[in-house]
1. Would you kindly derive the ³J(HN,Hα) couplings of region 78-87 from the backbone phi angles with the Karplus curve 6.51 cos²θ - 1.76 cosθ + 1.60 (θ = phi - 60°), listing them in order in whole Hz, with x for Gly and Pro?
2. Which residues' amide hydrogens lie under 5 Å from the amide hydrogen of Leu58, considering only partners 5 or more residues apart or on another chain, with H built in the peptide plane?
3. Could you give the nm distance between label points at Asn62 and Leu104, where each point is 7 Å from its Cα heading toward the beta carbon?
4. Of the options Ser45, Thr29, Phe67, report the single residue whose Cα projects farthest towards the positive end of the charge dipole of region 7-112 (beta-carbon charges: Lys, Arg +1; Asp, Glu -1).
5. Taking amide hydrogens as modeled 1.01 Å from N in the peptide plane, which residues meet the under 5 Å criterion relative to Ala20, leaving out close sequence neighbours?
6. Can you list the HN-Hα couplings for region 22-29, worked out from phi with the Karplus curve (6.51, -1.76, 1.60; θ = phi - 60°), rounded to whole Hz and with x for Gly and Pro?
7. Just rank Arg88, Arg99, fewest to most, by other beta-carbon atoms within 10 angstrom.
8. What residues have an amide H closer than 5 Å to that of Ser51, excluding those fewer than 5 places away on the same chain, when H is modeled at 1.01 Å from N in the peptide plane?
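Values quoted throughout were computed directly from the atomic coordinates according to the rules given, and no laboratory measurement underlies them. Note that the structure is predicted; figures quoted are calculated from it, not measured. Positions of Cβ are generated from backbone atoms using ideal geometry, with glycine treated the same way; all protein chains shown enter the neighbour counts.
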Amino acid sequence: MLLAMDVENSYRVEISGWDAGENFFVEKTVLDWPSDEIKQVLLRSPLREGSVIFMRLLQPLNDGHNFPLAYQAVQVAPRDLHGQVRVRLAQLHPRATHRELAMLEESSAMQMA
């Protein structure tokens, strides 16, 4: 891995999803996470911008959880000399269901009354 990383902001991860050729892949790599907003990895599998991938930490957090989270490839650089692509990631969040939205509206209407 040739990302310019410091050990404090680097995490071993497993990434899976469908590559640019619509082939399923699983790779182990290092997540570079210098701030809350910017996350990037180097991958051998080519991705398209907008692709959804799943990433999980290989070393569980203190609470023991290491389930995969969904991310979107927001920027994909061309292959480097080592055949890897640098991918910037943004975490995806689930949308609220209609029922959850109705409950939120009801709750905020009760607070205003």
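1. Coupling constants for region 78-87: x, 4, 8, 5, 9, x, 10, 10, 8, 10 Hz.
2. Those lying under 5 Å, H to H, from Leu58 are Arg12, Val13, Glu14.
3. Going by the 7 Å Cα→Cβ label model, 2.9 nm.
4. Farthest towards the positive end: Ser45.
5. It is Leu47, Arg48, by chain and number.
6. Coupling constants for region 22-29: 6, 9, 6, 9, 9, 9, 9, 8 Hz.
7. Values: Arg88 18, Arg99 8.
Ranking Arg88, Arg99 by Cβ neighbours within 10 Å, fewest first, gives Arg99, Arg88.
8. Residues meeting the amide H criterion: Ala73.
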